[in-house]
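**Q** If you scroll down you'll find the structure; I have some questions about it.
Every number here is computed from the coordinates shown, using simple stated rules; none is lab data. Nothing here was measured: the structure is a model prediction, and the numbers come from that model. Cβ coordinates were reconstructed from backbone atoms using ideal geometry, including for glycine residues, and neighbour counts include every protein chain displayed.
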Amino acid sequence: MKQRLQAVMERIRQACERSGRDPQSVRLVAVSKTMPAERVRRAVAAGVRILGENYVQEARDKYAQLADLSVSWHFIGHLQTNKAKYVVRMFDLVHSIDSLKLARELDRQAARRERVQPVLIQVNISREESKSGVATEQIEPLVREVAVLEHLELQGLMTMPPFFDQPERTRPYFRELAELARRIESLNIPRVSMKELSMGMSGDFEVAIEEGATLVRVGTAIFGARR
Ligand SMILES: *Cc1c(COP(=O)(O)O)cnc(C)c1O
């Protein structure tokens with residue numbers, strides 16, 4: 001695993017070099033869903049700084065087992081409103097806000113804990129029905145509504161393009177997310193930042209970096225295939 005992790009880090013560095021970006025501007029989220037706690041522990045020992053989890057219950061179990069580690073946890077899966085209460089304490093960033101209802105509930109839970117929860121909005125750029133996320137034309141109104149929720153801090157956008165065998169084919173989706181973020185940024189909405197772009201997975205993270213990703217979510221390339 002250490003070798004695979006180092007190979008991914010090296011590919012991130014090279015993608016940054018190719019596109020004239022500072023390697024410090026891209027953070028690796030190691031997606032540890034379905035991986036047992038002991039494997040996750042080894043990944044952290046090997047240099048992982050951020051873990052990405054998709055399922056609340058699974059993440060809670062691992063979080064309890066790995067409480068001694070100094071590592072940041074990000075929530076990247078679809079979040080049900082009734083689970084929002086578990087997320088606030090545990091995750092430094094929620095990548096997957098996909099409705100105003102969820103945003104309001106997360107804000108309420110963060111308020112109860114006197115916290116400000118950093119979040120990203122998930123955009124369904126490809127309009128696939130099977131994917132969660134908000135359609136591109138609904139982003140601006142949602143951003144304006146999330147902006148006024150005092151216990152959320154909107155930091156950017158996330159997307160998941162369709163799966164392609166050739167990574168190059170994901171490029172238009174990543175480019176569109178980056179353009180959307182620039183457009184939202186130019187509106188100068190108070191309390192809204194678009195500094196984070198969460199895009200790119202094992203098959204296509206280099207393309208995503210070339211198009212401006214600041215967070216890449218990589219599972220298989222680090223941990224091997226999931227069962
Ligand atoms: C599983 C998952 C990933 C990681 O996918 P890999 O192809 O294993 O790198 C990234 N993002 C999300 C939202 C995921 O659910």
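**Q** Output needed for the chain: three equivalent-ellipsoid semi-axes, defined as square roots of 5 times the C-alpha gyration tensor eigenvalues, in descending order, whole Å.
**A** Sorted largest first and rounded, they come to 25, 23, 15 Å.
**Q** Classify the stretch 75-182 as rounded, prolate or oblate, taking a ≥ b ≥ c as the square roots of the eigenvalues of its Cα gyration tensor: rounded when a/c is under 1.5, otherwise prolate if a/b is larger than b/c and oblate if not.
**A** Since a/c reaches 1.5 and a/b is larger than b/c, the shape of the stretch 75-182 is classed as prolate.
**Q** Another question, if that's okay. I'd like the Karplus ³J(HN,Hα) series for the stretch 26-38: coefficients 6.51, -1.76, 1.60, θ = phi - 60°, whole numbers in Hz, and an x wherever there's a Gly or Pro.
**A** Values, residue by residue: 10, 10, 8, 9, 7, 7, 9, 4, 6, 8, x, 3, 5 Hz.
**Q** Let me ask another. Report, in whole Å, the centroid distance computed from the Cα atoms of the stretch 60-128 and the stretch 165-182.
**A** Spelled out, the Cα-based centre of one part sits 24 Å from the other.
**Q** Still on this structure, I have one more. Give me the log10 of I(q) over I(0) for the stretch 1-113 at q = 0.13, 0.17 Å⁻¹, as the Debye formula computes it from C-alpha points; what are the numbers?
**A** Debye intensities relative to I(0), on a log10 scale: -0.57, -0.87.
**Q** Okay, moving on. Please enumerate, by chain and number, the aspartates and glutamates with C-alpha under 17 Å from the C-alpha of residue 85, excluding those fewer than 8 residues away in the same chain.
**A** Partners found: 53, 58, 61, 98, 105, 107, 114, 150, 153.
**Q** Something else: Would you work out the relative contact order for the chain, in percent, from Cα pairs under 8 angstrom that are 6 or more residues apart?
**A** On the way: 434 pairs, mean separation 47.5, N = 227.
It rounds to 21 percent for the chain.
**Q** If the reach is capped at under 16 angstrom between alpha carbons, list the lysines near residue 62, excluding any in the same chain fewer than eight residues apart.
**A** 33
**Q** Additional query: Put one equal scatterer on each alpha carbon of the stretch 131-227, apply the Debye formula with no solvent term, and list log10 I(q)/I(0) at q = 0.10, 0.19 1/Å to two decimals.
**A** Summing over Cα pairs of the stretch 131-227 leads to -0.30, -0.91.
**Q** Let me know the charge dipole size of the chain about its Cα centre in debye, to the nearest 20, where only the beta-carbon of Lys, Arg (+1) and Asp, Glu (-1) is charged.
**A** In debye, rounded to 20, the chain gives about 720.
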